[in-house]
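Asks: Quick one: structure below, then a few questions.
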Amino acid sequence: MRMQNESSVVEFILLGFSNFPELQEQVFWAFLAIYLVTLMGNAIIIVIIFLDQSLHIPMYLFLQNLSMVELGFSGAVMPEMLVILSSEKAIISFGGCFVQMYCILLFGGTECLLLGAMAADRYAAICYPLTYPVIMNRRVFLKSVMFSWFSGLTVATVQTTWVFSFPFCGPNEINHLFCETPPVLELVCADIFLFEIYAFTGTILVVIVPFLLILLSYIGILFAILKMPSTTGRQKAFSTCASHLTSVTLFYGTASMTYLQPKSSYSPDTKKLMSLAYSLLTPLLNPLIYSLRNSEMKKAFAKLWQKKVVFHIWDL
């Protein structure tokens with residue numbers, strides 16, 4: 001392969017939590033439990049929304065896409081992380097590192113844009129309830145989802161290909177939990193000034209622009225809620241938006257600190273913890289946040305569960 005021929009490095013060593021070997025077994029079982037709950041929680045959301053026709057509206061279809069993203073993100077990160085925790089020396093191939101970085105950028109970029117689209121959807125629903133079906137019709141929804149996925153795919157293709165076109169002359173130890181762009185770039189033995197300009201610009205467009213859209217949407221939502229005469233209406237609107245705001249704060253707060261920080265701002269261990277926040281906690285908490293705070297999701301789950309019980313009794 002051309003990329004490998006230009007580099008003396010054909011595999012990488014992911015150091016993970018090697019500084020704390022006494023904790024690795026406990027962390028392994030904790031991460032395995034988190035991964036299984038993440039898979040189950042997001043899969044349940046996808047299935048419930050797919051089966052319940054009453055949830056086939058933009059708000060829940062956006063959530064279904066978000067759960068797909070979380071499943072992909074977890075699948076790209078968690079299995080390799082579990083391998084690291086169960087091994088004294090975790091080796092990942094050159095191609096394996098490429099694929100992992102590609103998936104992280106694909107699902108991470110898509111999530112940023114989906115969260116922005118979800119904020120715009122909530123703004124239209126709360127601030128313009130009468131014209132909302134026209135503003136967020138099926139065509140607009142599909143375009144928003146397709147744009148999010150296409151943008152994530154484009155960013156992942158360009159950035160990952162560019163990173164792995166650089167020569168890696170050694171050492172080959174990545175002081176991180178997985179093949180994320182910043183720690184991998186530390187091993188490059190070439191001038192990466194142009195790439196850093198591109199990466200910073202891409203981060204602004206994919207991370208900061210959706211974040212500003214979210215911020216402006218919720219400022220508008222806040223003013224609209226404060227004008228509502230009904231206390232019940234205000235509470236319902238706040239409840240609808242609270243879950244999305246919680247998810248946005250967790251994801252954007254940690255991701256922006258990882259990709260927009262100066263190189264020497266944080267220690268490697270601090271960077272690992274920040275990466276864990278959006279790669280581990282966000283996929284875990286999203287289904288819990290959205291399902292536990294949303295009465296329609298809880299009703300749909302209860303209805304699905306009752307059908308399952310009835311069918312089971314009938315079979316007996």
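The values are calculated or read from the model by the stated rules, or taken from the named source; none is laboratory data. The structure presented is a predicted model; accordingly, all values stated were derived computationally and were not measured. We place every Cβ from the backbone using ideal geometry, glycine too, and count neighbours over all the protein chains shown. To get the accessible areas, we keep the full protein, side chains included, count just its heavy atoms, and leave off ligands, DNA and RNA. Shrake-Rupley method; radii C 1.70, N 1.55, O 1.52, S 1.80 Å.
Asks: Roughly how many nanometres apart are two label points built 7 Å out from the Cα toward the Cβ at residue 200 and residue 162?
Replies: 1.3
Asks: Quick one: pull the percent of accessible area on segment 56-118 belonging to carbon and sulfur, 1.4 Å probe, ligands and nucleic acids left out. Provide the component values of the computation, followed by the final result.
Replies: On the way: 1190 of 1790 Å².
Answer for segment 56-118 is 66 percent, counting heavy atoms of protein chains only.
Asks: Something else: Which cross-chain or sequence-distant (5 or more) residues have an amide H under 5 Å from the amide H of residue 187, H modelled 1.01 Å from N in plane?
Replies: HN-HN under 5 Å from residue 187: empty list.
Asks: Rank-order 133-144, 112-123 by packing density, defined as the average count of other C-beta atoms within 10 Å over each peptide's residues, highest first. Show your work: numbers first, answer last.
Replies: Values: 133-144: 14.3, 112-123: 24.0.
Per-residue mean Cβ counts within 10 Å order the peptides as 112-123, 133-144.
Asks: At 0.36 nm per residue, and after removing the present C-alpha to C-alpha distance, how many nm does the segment from residue 305 to residue 147 gain when stretched out fully?
Replies: Full-extension gain reported as 53.4 nm.
Asks: Something else: Cα atoms only: what Rg and Dmax, in Å, come out for segment 1-136?
Replies: That works out to 20.0, 62 Å for Rg and Dmax.
Asks: Order 168-175, 100-107 from most to least packed using the mean count of other Cβ atoms within 10 Å. Don't skip to the answer; put the middle values down first.
Replies: Details: 168-175: 16.2, 100-107: 22.2.
Output ranking for 168-175, 100-107: 100-107, 168-175.
Asks: Compute the length gained on full extension between residue 298 and residue 130: take 0.36 nm times their separation in residues and subtract their Cα-Cα distance, giving the result in nm to one decimal. Walk me through the intermediate numbers first.
Replies: Values: separation 168, 0.36 × 168 = 60.48 nm, distance 2.61 nm.
Going from the current span to full extension adds 57.9 nm.
Asks: Right, another one. At what distance in nm do the modelled label points of residue 91 and residue 227 sit from each other, each positioned 7 Å from its Cα along Cα→Cβ?
Replies: Between residue 91 and residue 227, the simple spin-label model gives 6.5 nm.
Asks: Another question about this same structure. Between residue 169 and residue 209, take the C-beta separation as r, use R0 = 30 Å, and let me know the FRET efficiency to the nearest 0.05.
Replies: On the way: r = 36 Å, r/R0 = 1.20.
It comes to 0.25.
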